[in-house]
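Enquirer: One structure coming up, written as structure tokens, with questions to follow.
The values are calculated or read from the model by the stated rules, or taken from the named source; none is laboratory data. Since we're looking at a predicted model, the values are computed, not measured. FYI the Cβ positions are ideal-geometry reconstructions off the backbone, even for glycines, and counts take in every protein chain you see. The area values use the complete protein model at the heavy-atom level, side chains included, leaving out ligands, DNA and RNA. Shrake-Rupley method; radii C 1.70, N 1.55, O 1.52, S 1.80 Å.
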Amino acid sequence: METDCNPMELPNNTDFEDDSDYRDFEGTDVKDMRLEAEAVVNDVLFAVSNMFVSKTLPCAEDVAYINVETRERNRYCLELTEAGLRVVAYDFDQTDDRLQTPYHETVYSLLDSLSPAYREVFGNALLQRLEALKKESQS
């Protein structure tokens, strides 16, 4: 086999273990659902009474559980996977295999279906942001 260059002449900088620019990318081909769950919580916490990632149920690269209490005081345990979010129990830190609830692509859609108060708070927050943008563009 012919080569255009001698492999012995190539620089030896292909060792990724010592290169800090690449160290953080090891094993990142799969989403960490705990990080996704934290982002979900941070995004809508203002519009519910309580919401946090479960410390009791196991989180993995492909699943995380989120506890949420709506402003109506209803409690849910949500499962977050690549398929979306769904209710898996009607209390914190529980799963009920008999419960067959649909997946929602977004937390907004799921909470919209569970909580009229969430819908109102979220809608008001959105309206306030739009009004602020309108005032900003007028000045």
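Enquirer: Mind checking which helices (runs of 4 or more DSSP H) fall wholly inside the stretch 27-139 and carry at least 3 residues that are hydroxyl-bearing (S, T, Y) and within 19 Å of the chain's Cα centre (by Cα)?
Expert: Counting at least 3 such residues, we get 107-114.
Enquirer: Something else: Would you please name the residue that is most open to solvent (accessible area, probe 1.4 Å), looking only at residues in the stretch 91-139 that are within 18 Å of A37 (Cα to Cα) and of a type in the set (V, I, T)?
Expert: It comes out as T95.
Enquirer: OK, next. Which of the numbered conditions does S54 fail, given that it passes all the others? Conditions: (1) open to solvent by less than 20 Å² (accessible area, probe 1.4 Å); (2) farther than 16 Å from D32 by Cβ.
Expert: (2)
Enquirer: Among the residues that make up the stretch 31-50, is at least one of them touching a Lys or Arg at 6+ places or on another chain (Cβ under 9 Å), open to solvent by 30 Å² or more (accessible area, probe 1.4 Å) and either touching a residue at least 60 places away in the same chain (Cβ under 8 Å) or under 27 Å from L127 (Cα atoms) (or both)? Break it down into steps so the answer makes sense when it comes.
Expert: Of all residues in the stretch 31-50, those touching a Lys or Arg at 6+ places or on another chain (Cβ under 9 Å) come to 47-50.
Of the ones still in play, those that are also open to solvent by 30 Å² or more (accessible area, probe 1.4 Å) are 49-50.
Narrowing the set further to residues that are either touching a residue at least 60 places away in the same chain (Cβ under 8 Å) or under 27 Å from L127 (Cα atoms) (or both) leaves 49-50.
Looking through the stretch 31-50, at least one residue is touching a Lys or Arg at 6+ places or on another chain (Cβ under 9 Å), open to solvent by 30 Å² or more (accessible area, probe 1.4 Å) and either touching a residue at least 60 places away in the same chain (Cβ under 8 Å) or under 27 Å from L127 (Cα atoms) (or both).
Enquirer: Can you tell me which of (1) at pLDDT 95 or above; (2) open to solvent by less than 80 Å² (accessible area, probe 1.4 Å); (3) more than 14 Å from S49 (Cα to Cα) is the one T70 doesn't meet?
Expert: Of (1) at pLDDT 95 or above; (2) open to solvent by less than 80 Å² (accessible area, probe 1.4 Å); (3) more than 14 Å from S49 (Cα to Cα), only one is false for T70: (3).
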